[in-house]
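Every read-out reported here was derived from the displayed coordinates using simple, explicitly stated rules and does not represent laboratory data. Remember, predicted model here, so these are calculated numbers, not experimental data. Cβ sites come from the backbone with ideal geometry, for glycine too, and all protein chains shown count toward neighbours.
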Amino acid sequence: MLVIVTIDGVAASGKSSVAARVAQQLNLPFVSSGLLYRAVARLALKHDVPTQDQEALLRLLDSHALELRPYAQGNEVWCEGEDLTHELHTAEVDAAVSRVAQHSQLRAWVNEQLRALPEPFVVEGRDMGTAVFPQASVKFYLTASARVRAERRAGERTGDVDAVEAALRERDRHDAAQSRPAPDALLLDTSNLSLDEVVSCILKAVPA
Ligand SMILES: Nc1ncnc2c1ncn2[C@@H]1O[C@H](COP(=O)(O)OP(=O)(O)OP(=O)(O)O)[C@@H](O)[C@H]1O
Ligand SMILES: Nc1ccn([C@@H]2O[C@H](COP(=O)(O)O)[C@@H](O)[C@H]2O)c(=O)n1
C-alpha cells in the first residue's frame, strides 16, 4: 500500500508540476514543501526581518502562524486568515528563500509541519526522500540542464533566459547541501522529456 511518494529535485526541474499530476493519477493529495520555505521568506521580506537572523525568523513564526493546506489541484499557504500563495513565486522570494532554508531550526519547523500531515500523499522538495521521509514507499529525483530549466521558468515568468539561468545556478549552489538524491531514489533527467513523459515514467515505477 502506497503511503508516501517523494519527488525531489533541483530548482525548476518540474517537481511541482510533476507531483501534482502524479498525485492526481494516484488519487492522492500532493504536498509542496518549498511553499513553506517560500512563505517564511515572504514574511521576512514583508516584515523587514533579515533572512540571516534565525532567531528573528523563529520569533516571526511565533507571531505569524503559517498553515500549509495541501489540495489535489495545488497547495495554499495561509497566514492568519490571509492566503499568501499568490505572493510566493516571485524573483524576490526566489532570491531570499535559500538563505532562510539554510537555518537548521527553520528546517526542523518545516519538517515538523510536513510530518504532521495525514498520510498518504505525494510530497515534493529537496530532501523529502532523505531527511524528512526516508521511509517513503517510492522516491524520485528530477534533474534537467540549467539551460532547459531556465527556458521553462522564463516561459512561465517574464524574464531574460540568461538571467533566469544565472539565478537558478545560484539557487542550486545555495541549496546543494539539502539537495542530494536518496540512494534508493529513481533519478530522472527531464531535459529531453515532456511533462507527460516524466509523469508516465514515474507512474510506471510506482508499485501497484
Ligand atoms: N518535462 C517538462 N517539459 C516541459 N516543461 C516542463 C517540464 N517539467 C516542468 N515543466 C515546466 O517548467 C516550469 C517549472 O516547473 P515547476 O514549477 O513544476 O518546477 P519546480 O521544480 O517545482 O520549480 P521550483 O523548484 O522553482 O518550485 C513550469 O512551467 C512547468 O510547466
Ligand atoms: N525540501 C525543501 C524544499 C525547498 N527548500 C528551499 O526552498 C526553496 C524553494 O523551494 P521550491 O521547491 O519552491 O523551489 C528552495 O530553493 C530551497 O532553498 C529546501 O531547502 N528544502
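The figures follow:
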| quantity | calculated |
| --- | --- |
| Of 104, 191, 137, the one that fluctuates the most in a GNM where the chain has Cα springs shorter than 10 Å | 104 |
| Rh by Kirkwood over Cα pairs, then Stokes-Einstein D for the stretch 90-141 at 1.306 mPa s and 10 °C, µm²/s | 128 |
| Cα-based reach from residue 204 at 29 Å (exclusive), listing lysines while leaving out same-chain residues under 8 positions away | 15, 139 |
| Projected label distance in nm at residue 187 and residue 73, using a 7 Å step from Cα toward the beta-carbon | 3.8 |
| Shape metrics for the stretch 4-205, restricted to C-alpha atoms - Rg then Dmax, Å | 16.0, 46 |
| Percentage of interatomic Cα-Cα distances in the stretch 1-66 larger than 14 Å | 65 |
| Under the Karplus curve 6.51 cos²θ - 1.76 cosθ + 1.60, θ = phi - 60°, whole-Hz ³J(HN,Hα) for the stretch 45-53, x wherever Gly or Pro sits | 5, 5, 10, 6, 9, x, 5, 7, 9 |
